[in-house]
Every structure is written in structure tokens, then in C-alpha cells.
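Each remark here refers to the structure printed beneath this line.
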Amino acid sequence: MRIGELIKYLECWAPPGVSWEKDNSGLQTGNTEETLKSIFLCLELTPEALSEAIRKNCNLIITHHPLIFRPIKNLNFQTDKISQLIKQLIKHDITLYSSHTSLDFSKNGVSYELAKTLGLNQIRFLENIDGKLLKIIVFVPEENLESVSEAMFSARAGIIGEYSKCSFNTKGTGTFLGSSGSNPHKGIKQNFEKTGEIKLEVLVHHWDLNNVLKSMIKAHPYEEPAYDVISLKNKTSNYGMGAIGLLPEPLSVNEFFKLVSEKISVKNLKFTPGNKTEIKYVAVCGGSGSDLLNSAIKFKADAFITADVKYHTFHDAFEKILLIDAGHYETEIFSLNALQRYFEEYLIKTDSKIRVHKYSGCTNPVKFYNN
Ligand SMILES: [Zn+2]
């Protein structure tokens, strides 16, 4: 199996096109044409994590946080840590790929996994994202409707939440006048023609557009298929930020603290109190999710768990919602379990002997002082 095959599989779940525009999700270094040996997962690359990957004969490392985030002006192997890691990756023929906000914004990604770890049910996004959806409108002869729509569906058009193959069809009349150089599928060239057609409307995410158009044009019988691509303001229900769900049963605030502390192995939880004595409806966002505080309040969540919360954000939440800062590493590390399950499912299906390793150490630089 090529490394690229596994990355393609990952991108079906967490497409780089969904990422935050300032992010650098995707390939960091390497050659995806190489044969895959084993996979190594860690939240971010450190010298210790890289040494373990080399020892375990892994030539594909998937991290959450990208190694290359800001533009690199030079590679200084003497003093710069990132340069030194890049040198080691190249020396050992290792491909490094980061699934950062692409995984954050995907269903069953970072925040979903945190919600599952806490035992929440009926999980959904806290906020869906916009700017990702397009609509394709194409005019098709009725007898070709099925083959054209199937070709578009198989290239991932028409997915809305838990529904696939979504489209809308209306009957109408198309007109055309072919030149002397034309070769019309119906009618005669240089003759003004009218023909019955179906207006087929399908939604597509922008990163799938080229593939969907290619498939549509291939399946379409016309020499010049007529189609429109329209940008939409709609939010996509397939991708979003944060997650919200229900605890199996209401807990007192103290019981809830105990649950959070046990499930995500954090002794020190920084928080500000909310206005409820019982916690049932819980919002989460792995990593820095303070921007979602208002959405959590709007959804009437009893508690919101995230990380990197500033002092003034705690003030904003005080006596409105129980806001817990559980740590950046702590709220994101469980996403490696989701990645491992996803890859192993594929490797079992393809009868592969390739193994998925998770870093056995901890890359969290934040420590707590206990006296
Ligand atoms: Zn993060």
C-alpha cells in the first residue's frame, strides 16, 4: 500500500479543504508514493516521539498540530528545533502529515471524540461552518438523468448530514442552435432545436467540485453540457466546530467535576461557576474553543469544556454557564484514538499487516506544581 492511499482515505473523513484558512493541515514533508510500513500517531512531533517512530519502523507519522505552521525562511540544523526534526524526517525517509483543523471541523473528529470520552449521547456540532458549499445546476436529457446524477453522487456530491444522493429535479425545455462544426447528441446542426430536459440541482463541498464536474461531464451525453456553479451562504451540516451532547443522567456539579477529571485524567480543572445545580447538557471543544462560548450559552448548555480560556472569558461566562478549562493537550489527545480506530478499520478491510502505533509518551509541555 502506498502512503498516499492511506492519506486519501484520511482526507475522505477530514478533507484539508475544510480547514481554517490560516492553518497548514496536510502534508508537511515526505513522499506519498513510498510504500507504507507502519503508522505513528502523536499530537505533535517532538524529538522523543520521532525517535519512537523510527524505533517502531514507521514511515508515516500523523500529528494533529502541524510541524510547519509559519513560513520557514531557512533550515538551521544547529539551533532550530523544527529544522532538526525536518532533517531527521528526511534522513529516515519518513512522511509527516498533519490533520489539524481539518480533523477539528469533521464529524467524529477532535471535539466529537472528547464528547464520546465524557460519555455524551446525541452528539452534534456546536456550530456549523459556512463558505464551504456550492450548488451545481446541470441540464440533462431525462433518459440520462440517472447515470449523470449517479456519477456526481459517486464523486461525493449531494451529501447533507446523514443523507446522501440528495438532489432536486425539475422538468423543462432546453434550446440550442449548433454551428456547422457542432455534433449535437439530439437534433440537427444549424437547426434551432427544442428538447425536453431535467434541471438537476446538487450540493457539493468546494474541495470536491473538480472531481464532481469531471464525473458529470464524463457521464453527460452532450458535446457541451450546460451547467452553473453557484457559491452558497448556507452553513454545511457536515462540518462544524465544537460538539454538544447529553449526559446519560443529570449530575450534580461536584459529580460532574469528578466525571470530567476521571475521564480525561486531569487533576486540576480551572473553572468559573454557572447558574445550574445539575449538569445534563454539555458543550465541548477540544483545544482553544473560547470563541464558541456564546454558542454554548445560546444552546443553553449547562457546562462548556474547552482550553486556553482567558481571564476575561471566564468573566463573560461567570454565573451563566459552568466554564471549564481542562487543558489543550488533555482535551485533544483522545483524537488519536479516533484516528487509530479509523485507520485500523481500513487496514483490516484491506487485509493489511500494517500497524498503527500511538506515541507512548506525553508531548504536553504544561506541568502542574503540587506541594
Ligand atoms: Zn490544538
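When the residues of the range 6-50 are narrowed to those that are touching a Lys or Arg at 6+ places or on another chain (Cβ under 8 Å), surrounded by fewer than 21 Cβ atoms within 10 Å (Cβ to Cβ) and among the β-branched types (Val, Ile, Thr), which ends up nearest to LEU89 (Cα to Cα)?
In this case the residue turns out to be THR32.
Which residue is nearest to GLU142 (Cα to Cα), if the candidates are limited to the range 156-214 and must be among the acidic types (Asp, Glu) and surrounded by 13 or more Cβ atoms within 10 Å (Cβ to Cβ)? Walk me through it before giving the result.
The first filter runs over the range 156-214 and keeps only residues among the acidic types (Asp, Glu), leaving 162, 193, 197, 201, 208.
Then keep just the ones that are surrounded by 13 or more Cβ atoms within 10 Å (Cβ to Cβ); that gives 193, 197, 201, 208.
Numbers: GLU193: 16, GLU197: 6, GLU201: 14, ASP208: 25 Å.
So the residue we want is GLU197.
Test of understanding: among LYS214, LYS233, LYS194, which residue is more than 17 Å from SER164 (Cα to Cα) and assigned to a helix (DSSP H, G or I)?
Values: LYS233 fails: assigned to a helix (DSSP H, G or I); LYS194 fails: assigned to a helix (DSSP H, G or I).
It is LYS214.
Filter the range 52-91 down to the residues that are touching a residue at least 24 places away in the same chain (Cβ under 8 Å) and in contact with a Leu (Cβ under 8 Å, 6 or more places away or on another chain) and list them by number.
Result: ASN59, LEU60, ILE61, ILE62, THR63, HIS64, HIS65, LEU67, LEU85, ILE86, GLN88, LEU89.
Tell me the helices (runs of 4 or more DSSP H) entirely within the range 237-353 that contain at least 2 residues that are of a type in the set (Val, Ile, Thr).
Values: elements: 253-263, 293-298, 311-317, 328-332, 335-349.
Here the list reads 253-263.
Identify the single condition in (1) more than 20 Å from LEU126 (Cβ to Cβ); (2) more than 21 Å from the chain's Cα centre (by Cα) that ASP302 does not satisfy, given that it satisfies every other one.
Every listed condition holds for ASP302 apart from (1).
Scan the range 118-150 for residues that are under 24 Å from the mean Cα position of the chain (by Cα) and farther than 30 Å from LEU259 by Cβ and report the count. Break it down into steps so the answer makes sense when it comes.
First, pick out the residues of the range 118-150 that are under 24 Å from the mean Cα position of the chain (by Cα): 118-136.
Pick out the ones that are also farther than 30 Å from LEU259 by Cβ and you get 130-136.
Count: 7.
Could you pull out the residue among THR236, THR277 that is buried (at least 21 other Cβ atoms within 10 Å of the Cβ), away from the ligand (no atom under 16 Å from the Cβ) and more than 22 Å from HIS328 (Cβ to Cβ)? Quick ask: steps written out before the conclusion?
Details: THR277 fails: buried (at least 21 other Cβ atoms within 10 Å of the Cβ).
Sole residue among the options that is buried (at least 21 other Cβ atoms within 10 Å of the Cβ), away from the ligand (no atom under 16 Å from the Cβ) and more than 22 Å from HIS328 (Cβ to Cβ): THR236.
Test ILE3 against the stated conditions and say whether it is under 24 Å from the mean Cα position of the chain (by Cα), crowded, with 23+ Cβ neighbours inside 10 Å and in contact (Cβ under 8 Å) with a residue 60 or more places away in the chain. Break it down into steps so the answer makes sense when it comes.
Numbers: under 24 Å from the mean Cα position of the chain (by Cα): yes; crowded, with 23+ Cβ neighbours inside 10 Å: no; in contact (Cβ under 8 Å) with a residue 60 or more places away in the chain: yes.
The answer is no for ILE3.
Hey, can you tell me all the residues within the range 300-314 that are surrounded by fewer than 20 Cβ atoms within 10 Å (Cβ to Cβ) and in contact (Cβ under 8 Å) with a residue 12 or more places away in the chain? First the steps, then the outcome.
Taking the range 300-314 as the starting set, the residues that turn out to be surrounded by fewer than 20 Cβ atoms within 10 Å (Cβ to Cβ) are 300, 308, 310-314.
Listed by number, the residues that qualify are LYS300, ASP308, LYS310, THR313, PHE314.
Please pick out the residue among ILE264, ILE198, ILE244 that is of a type in the set (A, V, I, L, M, F, W, C) and over 30 Å from ALA307 (Cβ atoms).
Working: ILE264 fails: over 30 Å from ALA307 (Cβ atoms); ILE244 fails: over 30 Å from ALA307 (Cβ atoms).
Answer to the check: ILE198.
For (1) closer than 16 Å to LYS135 by Cβ; (2) at pLDDT 95 or above; (3) hydrophobic (A, V, I, L, M, F, W, C), each residue gets a yes or a no:
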{"position": "GLN190", "(1), (2), (3)": "no, no, no"}
{"position": "LYS199", "(1), (2), (3)": "yes, yes, no"}
{"position": "VAL212", "(1), (2), (3)": "yes, yes, yes"}
{"position": "LYS218", "(1), (2), (3)": "no, yes, no"}
{"position": "GLU223", "(1), (2), (3)": "no, no, no"}
{"position": "ILE230", "(1), (2), (3)": "yes, yes, yes"}
{"position": "GLY240", "(1), (2), (3)": "no, yes, no"}
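For ALA307, are the conditions met, namely being within 23 Å of SER99 (Cα to Cα), touching an Asp or Glu at 6+ places or on another chain (Cβ under 8 Å) and in the same structural domain as ASN57 (by TED's automatic domain parsing)? Write out each step before concluding.
On the way: within 23 Å of SER99 (Cα to Cα): yes; touching an Asp or Glu at 6+ places or on another chain (Cβ under 8 Å): yes; in the same structural domain as ASN57 (by TED's automatic domain parsing): no.
Criteria not met by ALA307.
What residue, of LEU85, LEU41, is within 16 Å of the ligand (Cβ to nearest atom) and either farther than 26 Å from ILE333 by Cβ or in contact with a helix residue (DSSP H, G or I) (Cβ under 7 Å, 6 or more places away or on another chain) (or both)? Working first, answer last.
On the way: LEU85 fails: within 16 Å of the ligand (Cβ to nearest atom).
One residue alone meets the criteria, LEU41.
Which of the residues spanning the range 280-291 are over 20 Å from GLY119 (Cβ atoms) and either more than 14 Å from the ligand (Cβ to nearest atom) or surrounded by fewer than 19 Cβ atoms within 10 Å (Cβ to Cβ) (or both)?
Within the range 280-291, SER288, ASP291 meet the criteria.
Among (1) in a strand (DSSP E or B); (2) among the hydrophobic types (A, V, I, L, M, F, W, C); (3) within 14 Å of the ligand (Cβ to nearest atom), where does PHE125 come up short?
(3)
The values are calculated or read from the model by the stated rules, or taken from the named source; none is laboratory data. Everything numeric here is computed off the predicted structure, so don't read it as measured data. With ideal geometry, Cβ positions are generated from the backbone for all residues, glycine too; neighbour counts draw on all protein chains shown.
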